[in-house]
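What follows is one structure encoded as structure tokens, with my remarks underneath.
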Amino acid sequence: MTTIAFIGLGHMGGGMAANLAKSGHDVRAFDLSSEALHRAKTAGCLPAASAAEAVADAEAVVTMLPAGKHVREIYETILAPHAKAGTLLLDCSTIDVTTARDVATLAETKGLIAVDAPVSGGIAAANAGTLTFMVGGSAEAFARAEPILSNMGKAVIHAGANGAGQAAKICNNMLLGASMIATCEAFALADKLGLDLQRFYDIASVSSGQSWSMTSYCPIPGVGPETPADRNYEGGFAAALMLKDLSLARQAAASVDADTPMGARAAELYQAFVDGGAGGRDFSAIITTLRGES
Ligand code: NAD
């Protein structure tokens, strides 16, 4: 059993902290929301009165926060001054590569060990303990992080040095955003050409146009396995979060002068979709604009 502080008990962090508690760890939980803290208590965590109190005796600290600025603030104001030397810091939030590297360097100067460990998989996977973790950090840090992350996921993969986890995450999600739009476009065109969409799925899902966006997350209701499309695009992975990841990918591409035209176009299309008020819908709902439905 490890004493683990968990900061950020939102949609994702709530289920992740619960799974750590279920695995027998002593979880000291903190969130700015008292409702989230209450839910964590019900799930077997020990609520702390402050982030500093949560991390004081911890051997490991997991953060699951909205964005880079929140992570930077917690590392600078809470972890650097209050965590004990040798504590392992695991940031599972999706943030920019630069901040991930900066906070890891800060941690190192304070005698702490940091990994970035963003996740693939949404709220259902966080609750079920079936996330995939992409980990950036030294081999020694990964060896310490892996058993903890395994309690919350089905796969824990060492991506490389600090920042590599975030790099893998945003490259993967840039690919996902572009492939979802391409899949939606193909279905919209097939429809206008008079093809039966189930028949098109039967063909494309075993042909060279096949992708995860088509066969695991089909944007057409009633076609393929059950997906958010079958629930009027509710639940799943919100378009606003896809836009966040595409924006991080654009920022990362600019920082290394990489040409990512499909990623950039996908970001523009999701920006327009979110600006139109659809940020809370599943990201596959972008097919409704391509079909001229909204
Ligand atoms: P969320 O907004 O539901 O949860 C974030 C939590 O952090 C909130 O409860 C908030 O009160 C808390 N918080 C913010 N600042 C804090 C502070 N200073 N101290 C303590 N608590 C603080 O967000 P989420 O959906 O759980 O996402 C968390 C991270 O996971 C994000 O980086 C997101 O991009 C990433 N992610 C989300 C999903 C998803 O499907 N929701 C999937 C993969 C990755």
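The values are calculated or read from the model by the stated rules, or taken from the named source; none is laboratory data. Keep in mind that this is a model prediction, so the values were computed, not measured. A quick note on method: Cβ atoms are made from the backbone with ideal geometry, for glycine too, and the neighbour counts reach across all protein chains shown. Ligands, DNA and RNA are excluded from the accessible area calculation, which covers all protein heavy atoms including side chains. Shrake-Rupley method; radii C 1.70, N 1.55, O 1.52, S 1.80 Å.
Cβ-Cβ contacts under 9 Å between residues 6 or more apart (or on different chains), taken from a first residue in the stretch 54-73 that is part of a helix (DSSP H, G or I) and at pLDDT 95 or above to a second residue that is open to solvent by 40 Å² or more (accessible area, probe 1.4 Å) and of a type in the set (A, V, I, L, M, F, W, C), are listed as A54/L46; R72/L106.
Can G137 be described as more than 12 Å from the ligand (Cβ to nearest atom), closer than 28 Å to G280 by Cα and modelled with pLDDT of 95 or more? Here the answer is no, as G137 does not meet what is asked.
This table checks each residue for (1) assigned to a helix (DSSP H, G or I); (2) under 25 Å from M1 (Cβ atoms); (3) touching a strand residue (DSSP E or B) at 6+ places or on another chain (Cβ under 6 Å).
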position: A124; (1), (2), (3): yes, no, no
position: V135; (1), (2), (3): no, yes, yes
position: A145; (1), (2), (3): yes, yes, yes
position: L149; (1), (2), (3): yes, yes, yes
position: V156; (1), (2), (3): no, yes, yes
position: A159; (1), (2), (3): no, no, yes
position: A168; (1), (2), (3): yes, no, yes
position: M174; (1), (2), (3): yes, no, no
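Touching a Cys at 6+ places or on another chain (Cβ under 9 Å) and either small (G, A, S) or outside any strand (DSSP E or B) (or both), is that true of L20? Spelling it out, L20 is indeed touching a Cys at 6+ places or on another chain (Cβ under 9 Å) and either small (G, A, S) or outside any strand (DSSP E or B) (or both).
Please determine whether any residue of the stretch 134-154 is in contact (Cβ under 8 Å) with a residue 24 or more places away in the chain and touching a Cys at 6+ places or on another chain (Cβ under 9 Å). Looking for residues that are in contact (Cβ under 8 Å) with a residue 24 or more places away in the chain and touching a Cys at 6+ places or on another chain (Cβ under 9 Å), one finds at least one in the stretch 134-154, hence yes.
For the residues G163, G177, the requirement of being within 26 Å of the chain's Cα centre (by Cα), surrounded by 14 or more Cβ atoms within 10 Å (Cβ to Cβ) and on the phi > 0 side of the Ramachandran plot singles out G163. Residues in the stretch 168-193 that are touching a Pro at 6+ places or on another chain (Cβ under 7 Å) and either farther than 15 Å from T215 by Cβ or among the charged types (D, E, K, R) (or both): K169 alone. Can we say D230 is in a helix (DSSP H, G or I), at pLDDT 95 or above and among the acidic types (D, E)? Yes, satisfied.
Note on the stretch 108-122: residues that are outside any loop (DSSP other than H, G, I, E, B), within 16 Å of the ligand (Cβ to nearest atom) and surrounded by fewer than 21 Cβ atoms within 10 Å (Cβ to Cβ) total 1.
Given the structure, is Y270 in the same structural domain as D202 (by TED's automatic domain parsing) and open to solvent by less than 20 Å² (accessible area, probe 1.4 Å)? Considered against the rule, which asks whether it is in the same structural domain as D202 (by TED's automatic domain parsing) and open to solvent by less than 20 Å² (accessible area, probe 1.4 Å), Y270 comes out as yes. For the residues T215, T227, the requirement of being closer than 25 Å to D196 by Cβ and more than 15 Å from the ligand (Cβ to nearest atom) singles out T215.
Taking the stretch 11-37 as the range and being open to solvent by 40 Å² or more (accessible area, probe 1.4 Å) and within 12 Å of the ligand (Cβ to nearest atom) as the test, the residues that pass are H11, L32, S33, S34, E35.
Of everything in the stretch 79-104 that is assigned to a helix (DSSP H, G or I) and touching a residue at least 40 places away in the same chain (Cβ under 8 Å), the residue that is surrounded by the most Cβ atoms within 10 Å (Cβ to Cβ) is A100. Annotation: of all residues in the stretch 54-77 being more than 12 Å from the ligand (Cβ to nearest atom) and open to solvent by 30 Å² or more (accessible area, probe 1.4 Å), the one that is farthest from P147 (Cα to Cα) is A56. Candidates G224, G235, G277, G263: the one that is surrounded by 14 or more Cβ atoms within 10 Å (Cβ to Cβ) and assigned to a helix (DSSP H, G or I) is G263. Whenever a residue of the stretch 265-294 is closer than 20 Å to M174 by Cα, its partners that are of a type in the set (K, R), lying with C-beta atoms within less than 6 angstrom and at least six residues away or across chains, give the pairs A267/R250.
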